[in-house]
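The values are calculated or read from the model by the stated rules, or taken from the named source; none is laboratory data. All of these numbers come straight from a predicted model, not from anything done at the bench. Don't worry about glycine lacking a Cβ; one is built from the backbone with ideal geometry, like all the others, and counts go over all protein chains shown.
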Amino acid sequence: MTNRKRIAKASILALLTLAGCSGDGPERRAAGTPGLSVADAALAGGMPETALSVTEAILKANPRDAGALARRAEALARMNDPEGAMAAWRQVLAVDSRSPAALLGMGRFALSRGDAVAAEQAFSKLLSVAPEDQAAMNNLGVALDMLGRHAEAQEVYGKLLRLSRDHRAARVNLGLSLSLSGKAGESVAMLRGAASQPGATPRVRQDLALALVLSGNTQEAEKLLRTDLSAPDAAAAVAGYRALAPMKP
């Protein structure tokens with residue numbers, strides 16, 4: 001892979017919205033084992049260390065408790081221990097090879113490492129278990145875009161939007177995918193709508209700026225970026241977006 005392609009691939013990962021949707025953590029599993037509700041509350045309250053302590057106590061009594069293993073992995077991920085989280089997710093899959101929480105976690109870890117092939121495999125397996133899992137669908141689309149398979153990614157985003165018309169991440173990702181596949185005009189129209197919504201984030205404006213650059217409107221893109229960036233940073237961003245234009249599936 002050339003350096004230019006590496007930069008472009010990294011840019012796609014940075015730009016695409018990786019956020020999933022509600023119900024994408026281990027909490028989707030029934031509580032079952034006493035104490036898991038405590039771990040869930042700790043995770044929801046931003047206390048992964050507490051969740052880890054609770055799950056490790058459960059696992060001392062039952063090392064193969066899939067629910068506790070899944071929550072342990074989530075706690076480790078939130079504590080910025082991705083290697084530990086990956087090992088825990090593998091333990092979950094050794095107990096339950098179809099665990100949605102583990103497959104989603106492993107897929108996102110792979111995606112964060114730029115391993116789109118492994119991510120696609122994890123999300124595809126999850127969707128074979130839960131065909132309408134919205135977090136898996138959105139993230140699968142991201143993996144496919146990273147692989148240059150934009151038409152397939154757009155099909156996935158489209159299916160997700162048919163399930164949930166207001167899924168903002170999927171709509172933005174679809175717009176970006178259109179830009180990357182040479183349909184910048186359609187992308188600009190779609191992303192203008194997202195960027196004009198109340199509470200639109202800097203990320204959404206950056207997404208629109210990318211579409212504008214790929215459609216040839218660099219002046220408007222740079223002006224838009226200056227909403228959130230200094231003039232030199234905006235100019236640098238525009239230059240980086242231009243590097244994406246030659247990418248082919």
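A few remarks follow.
For every residue, the table says whether it meets (1) in the same structural domain as Leu214 (by TED's automatic domain parsing); (2) more than 22 Å from Gln206 (Cα to Cα); (3) modelled with pLDDT of 90 or more.
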residue: Gly114; (1), (2), (3): no, no, no
residue: Val117; (1), (2), (3): no, yes, yes
residue: Gln121; (1), (2), (3): no, yes, yes
residue: Lys125; (1), (2), (3): no, yes, yes
residue: Ala143; (1), (2), (3): no, no, yes
residue: Leu161; (1), (2), (3): yes, no, yes
residue: Asp166; (1), (2), (3): yes, no, no
residue: Ser179; (1), (2), (3): yes, no, no
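- Exactly one residue out of Asn80, Asn62 is over 26 Å from Arg149 (Cα atoms), among the polar types (S, T, N, Q) and within 18 Å of the chain's Cα centre (by Cα), and it is Asn80.
- Lone unmet requirement of (1) of a type in the set (Gly, Ala, Ser); (2) over 22 Å from the mean Cα position of the chain (by Cα); (3) under 22 Å from Leu140 (Cβ atoms) for Ser187: (2)
- Extreme residue, surrounded by the most Cβ atoms within 10 Å (Cβ to Cβ), among residues of the stretch 44-73 that are among the charged types (D, E, K, R) and farther than 27 Å from Asp115 by Cβ: Asp65
- Across the stretch 112-168, the number of residues qualifying as surrounded by fewer than 21 Cβ atoms within 10 Å (Cβ to Cβ) and in contact with a Phe, Trp or Tyr (Cβ under 8 Å, 6 or more places away or on another chain) comes to 0.
- Residue count for the stretch 74-98 satisfying the condition of being of a type in the set (D, E, K, R), part of a helix (DSSP H, G or I) and crowded, with 16+ Cβ neighbours inside 10 Å: 2.
- Residue match in the stretch 186-196 (condition: modelled with pLDDT of 90 or more and either of a type in the set (D, E, K, R) or assigned to a helix (DSSP H, G or I) (or both)): yes
- Filter result for Glu49 (out of contact with any Lys or Arg (no Cβ under 8 Å at 6 or more places or on another chain), modelled with pLDDT of 90 or more and not hydroxyl-bearing (Ser, Thr, Tyr)): yes
- When each of Ala101, Ala136, Ala143 is tested for being over 21 Å from Arg168 (Cα atoms), assigned to a helix (DSSP H, G or I) and not hydroxyl-bearing (Ser, Thr, Tyr), the lone residue that passes is Ala101.
- Which listed residue is over 19 Å from Glu56 (Cβ atoms), out of contact with any helix residue (DSSP H, G or I) (no Cβ under 6 Å at 6 or more places or on another chain) and small (Gly, Ala, Ser), from Gly107, Gly148: Gly148
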